[in-house]
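The values are calculated or read from the model by the stated rules, or taken from the named source; none is laboratory data. Everything numeric here is computed off the predicted structure, so don't read it as measured data. Here the Cβ is made from the backbone with ideal geometry for all residues, glycine too, and neighbour counts use every protein chain on show. For accessibility, only protein heavy atoms count, side chains too; no ligands or nucleic acids. Shrake-Rupley method; radii C 1.70, N 1.55, O 1.52, S 1.80 Å.
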Amino acid sequence: MPALLALVFSWSAAAEQTVDVTIREYRFSPQEVRIKAGDTVKWINREKRTSHSVLFPAENGLESERIFPDESWQRKFMQAGSYSYRCGPHEEMKGIVVVE
Ligand SMILES: [Cu+2]
(Lines give C-alpha, C1' and ligand atoms only; values in the text may rest on other atoms or scores of the structure.)
Protein backbone atom coordinates (compact mmCIF):
# COMPACT_ATOMS: atom_id res chain seq x y z
CA MET A 1 0.00 0.00 0.00
CA PRO A 2 1.37 3.47 -0.81
CA ALA A 3 2.65 5.27 2.25
CA LEU A 4 0.18 8.13 1.97
CA LEU A 5 -2.80 5.78 1.80
CA ALA A 6 -1.56 3.86 4.83
CA LEU A 7 -1.27 7.13 6.71
CA VAL A 8 -4.83 8.16 5.83
CA PHE A 9 -6.21 4.80 6.93
CA SER A 10 -4.43 4.76 10.27
CA TRP A 11 -5.54 8.31 10.91
CA SER A 12 -9.20 7.63 10.20
CA ALA A 13 -9.15 4.50 12.36
CA ALA A 14 -7.95 6.53 15.33
CA ALA A 15 -10.15 9.58 14.77
CA GLU A 16 -13.13 10.03 17.02
CA GLN A 17 -16.42 10.08 15.21
CA THR A 18 -19.82 11.57 15.82
CA VAL A 19 -22.78 9.43 14.78
CA ASP A 20 -26.19 11.02 14.29
CA VAL A 21 -29.45 9.52 15.51
CA THR A 22 -32.55 11.20 14.13
CA ILE A 23 -35.74 11.43 16.18
CA ARG A 24 -38.83 11.55 14.01
CA GLU A 25 -42.39 10.25 14.33
CA TYR A 26 -41.68 8.91 17.82
CA ARG A 27 -38.74 6.80 16.65
CA PHE A 28 -34.99 6.80 17.07
CA SER A 29 -33.32 6.14 13.74
CA PRO A 30 -31.18 4.17 13.44
CA GLN A 31 -32.53 2.32 16.43
CA GLU A 32 -29.15 0.69 17.05
CA VAL A 33 -25.77 2.34 16.56
CA ARG A 34 -22.37 0.70 16.86
CA ILE A 35 -19.46 2.95 17.71
CA LYS A 36 -15.97 2.78 19.13
CA ALA A 37 -14.93 3.99 22.57
CA GLY A 38 -14.32 7.72 22.37
CA ASP A 39 -17.03 8.28 19.77
CA THR A 40 -20.00 10.56 20.28
CA VAL A 41 -23.67 10.01 19.52
CA LYS A 42 -25.73 13.05 18.63
CA TRP A 43 -29.52 12.85 18.85
CA ILE A 44 -31.33 15.33 16.61
CA ASN A 45 -35.02 16.02 17.01
CA ARG A 46 -36.69 16.33 13.59
CA GLU A 47 -40.25 16.43 14.84
CA LYS A 48 -42.54 19.32 13.98
CA ARG A 49 -43.62 19.97 17.56
CA THR A 50 -42.89 17.07 19.89
CA SER A 51 -40.02 17.14 22.35
CA HIS A 52 -38.17 14.06 23.50
CA SER A 53 -35.31 13.05 25.73
CA VAL A 54 -32.71 10.30 25.97
CA LEU A 55 -32.80 8.34 29.21
CA PHE A 56 -30.46 5.54 30.31
CA PRO A 57 -32.31 3.42 32.91
CA ALA A 58 -29.20 1.40 33.82
CA GLU A 59 -27.33 4.54 34.86
CA ASN A 60 -29.68 5.70 37.61
CA GLY A 61 -31.99 7.14 35.00
CA LEU A 62 -29.36 9.48 33.58
CA GLU A 63 -31.38 11.68 31.24
CA SER A 64 -30.70 14.40 28.70
CA GLU A 65 -32.36 17.76 28.81
CA ARG A 66 -35.63 17.86 26.93
CA ILE A 67 -34.74 18.01 23.22
CA PHE A 68 -37.08 20.33 21.35
CA PRO A 69 -37.66 20.28 17.56
CA ASP A 70 -34.46 21.08 15.65
CA GLU A 71 -32.39 20.84 18.80
CA SER A 72 -29.88 18.15 19.55
CA TRP A 73 -28.13 16.53 22.47
CA GLN A 74 -24.94 14.55 22.43
CA ARG A 75 -23.06 12.14 24.63
CA LYS A 76 -19.53 10.84 24.31
CA PHE A 77 -19.03 7.17 25.18
CA MET A 78 -15.66 6.25 26.68
CA GLN A 79 -16.38 2.71 27.89
CA ALA A 80 -17.20 -0.38 25.87
CA GLY A 81 -20.62 -1.85 26.56
CA SER A 82 -24.27 -1.84 25.58
CA TYR A 83 -26.22 1.26 26.49
CA SER A 84 -29.96 0.77 26.22
CA TYR A 85 -31.93 3.95 26.30
CA ARG A 86 -35.46 5.20 25.89
CA CYS A 87 -37.29 8.48 25.67
CA GLY A 88 -38.20 9.94 29.08
CA PRO A 89 -41.77 11.01 28.29
CA HIS A 90 -42.46 8.22 25.74
CA GLU A 91 -41.47 4.90 27.26
CA GLU A 92 -42.20 2.97 24.06
CA MET A 93 -39.40 4.78 22.19
CA LYS A 94 -36.27 2.70 22.59
CA GLY A 95 -32.78 2.54 21.21
CA ILE A 96 -29.36 1.13 21.96
CA VAL A 97 -25.77 2.28 21.62
CA VAL A 98 -23.19 -0.49 21.39
CA VAL A 99 -19.67 0.69 22.17
CA GLU A 100 -17.00 -1.70 20.91
CU1 LIG B 1 -40.18 10.93 23.10
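Miscellaneous remarks
- In this structure Asp20 has an accessible area near 80 Å², from a 1.4 Å probe over the protein heavy atoms.
- When Rg and Dmax are taken over the Cα atoms of segment 16-99, they come to 11.7, 34 Å.
- Note on Ala15/Ile44: beta-carbon distance plugged into 1/(1 + (r/R0)^6) with R0 of 25 Å gives a FRET efficiency of 0.75.
- Per residue, in Å², the accessible surface of segment 16-99 once ligands and nucleic acids are set aside, probe 1.4 Å: 60
- Counting only alpha carbon atoms, the long axis of helix 3-14 and the longest principal axis of the chain meet at about 30°.
- Surface share of carbon and sulfur [accessible, 1.4 angstrom probe, percent] for segment 16-99: 40
- Remark: segment 16-99 carries a charge dipole of roughly 140 debye about the Cα centre, counting +1 on each Lys and Arg Cβ and -1 on each Asp and Glu Cβ.
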